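The values are calculated or read from the model by the stated rules, or taken from the named source; none is laboratory data. If you're wondering where the values come from, they're calculated on a predicted model, not measured in any experiment. Here the Cβ positions follow ideal geometry from the backbone for every residue, glycine too, while neighbour counts run over all protein chains shown.
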Amino acid sequence: KGTLMQGKRGLIMGVANNRSIAWAIAQAVAAQGGEVAFTYQGEALEKRVRPLANSIGADFLLPCDVSDDGAMDAAFDALGEKWGKIDFLVHAIGFADKNFLRGRYIDTPRAVFQQAMDISCYSFAAAGQRAAALMKDGGSLLTLSYLGAERVVPHYNVMGVAKAALEASVRYMAVDLGARQIRVNAISAGPIKTLAASGIGDFSYIMKWNKYNSPLERNIELEEVGGAGLYMLSDLSKGVTGEVHHVDCGYHIVGMKNPAAPDL
Ligand code: NAD
């Protein structure tokens, strides 16, 4: 067992099951001696999340729907009461009505847009302001993004717009909190089959496309995002803030590659 996270405590938001990116990061942190508290979205998910948490020696779990300020206050108040101080926060939460994660972005209704922005973007600032209040000796805030923030990916639509706003939030929050040595970063992950991803139209095709066109000629593994998360939360990245770090087998650098690629 490593010691990179020894003496550090933090909150991980966004575990739904053992395929969640948040869970991969939690495992990497725990393997390096970090202590983790979890929030879960609702009763139904608690049954999934509690045994996972227990398997890494964690038993501090709190319900928290991030669209509800009262629930956010309650979760962070409980965290503050129990630990007093935290060192890191992982925000691995995104949501948009899946009926609009297909077809055209231009057809997005106002309420769908507002909900996607609220849960996928604003909640990072909302969690960040509450977490920062508990970070007495600096800290690290981390969120998850996707290439659809920077460029058009079919079906990603309103989530792409929300992720663009999320990446901008990373930069503003990095400046807001920098003087207190609180760092704010994002990992832009390549596509992984998770619960959230299953709502995106033609997701298997996107996976295939990435596999054939990325420099590493494969898709990323959950543990690889876990490792990058560990880097961002630990002192290894002490000089890094405001960054969107791609963990996507290099796909984002490619304009066009490999005319000899096998047929899709
Ligand atoms: P996931 O389904 O395992 O996790 C999404 C989480 O968001 C779930 O735990 C869900 O409970 C939570 N959530 C949704 N609405 C919420 C709300 N109102 N309150 C509280 N929690 C809420 O899927 P994942 O792929 O691990 O997603 C984690 C993050 O990674 C998301 O931000 C996602 O956009 C991002 N991401 C995923 C991929 C991918 O291909 N899977 C790629 C890049 C980025």
**Fill in**
For Gln181, the lone unmet condition from (1) away from the ligand (no atom under 13 Å from the Cβ); (2) within 20 Å of the chain's Cα centre (by Cα) is (2)
**Candidate set: the stretch 22-64, residues that are of a type in the set (D, E, K, R) and under 18 Å from Ile93 (Cβ atoms); chosen: the one surrounded by the fewest Cβ atoms within 10 Å (Cβ to Cβ)** = Glu43
**Prompt:** Mind checking whether some residue in the stretch 48-55 is within 10 Å of the ligand (Cβ to nearest atom), under 15 Å from Leu142 (Cα atoms) and of a type in the set (Val, Ile, Thr)?
**Reply:** no
**Asked** If Ile86 passes every condition in (1) within 16 Å of the ligand (Cβ to nearest atom); (2) in a loop (DSSP other than H, G, I, E, B); (3) among the β-branched types (Val, Ile, Thr) but one, which one does it miss?
**Response** (1)
**Prompt:** So which of Ala31, Ala26, Ala53, Ala37 is modelled with pLDDT of 95 or more, of a type in the set (Gly, Ala, Ser) and within 14 Å of the chain's Cα centre (by Cα)?
**Reply:** Ala26
**Asked** Could you say which residue among Asp65, Asp59, Asp73, Asp118 is closer than 16 Å to Gly10 by Cβ and either within 16 Å of the ligand (Cβ to nearest atom) or not in a helix (DSSP H, G or I) (or both)?
**Response** Asp59
**Prompt:** Of all residues in the stretch 24-48, which are under 23 Å from Pro191 (Cα atoms) and free of Cβ contacts under 8 Å to residues at least 60 places away in the same chain?
**Reply:** Tyr40, Gln41, Leu45, Arg48
**Qualifying position, being buried (at least 17 other Cβ atoms within 10 Å of the Cβ) and either assigned to a loop (DSSP other than H, G, I, E, B) or charged (D, E, K, R) (or both), among Arg183, Arg218** = Arg183
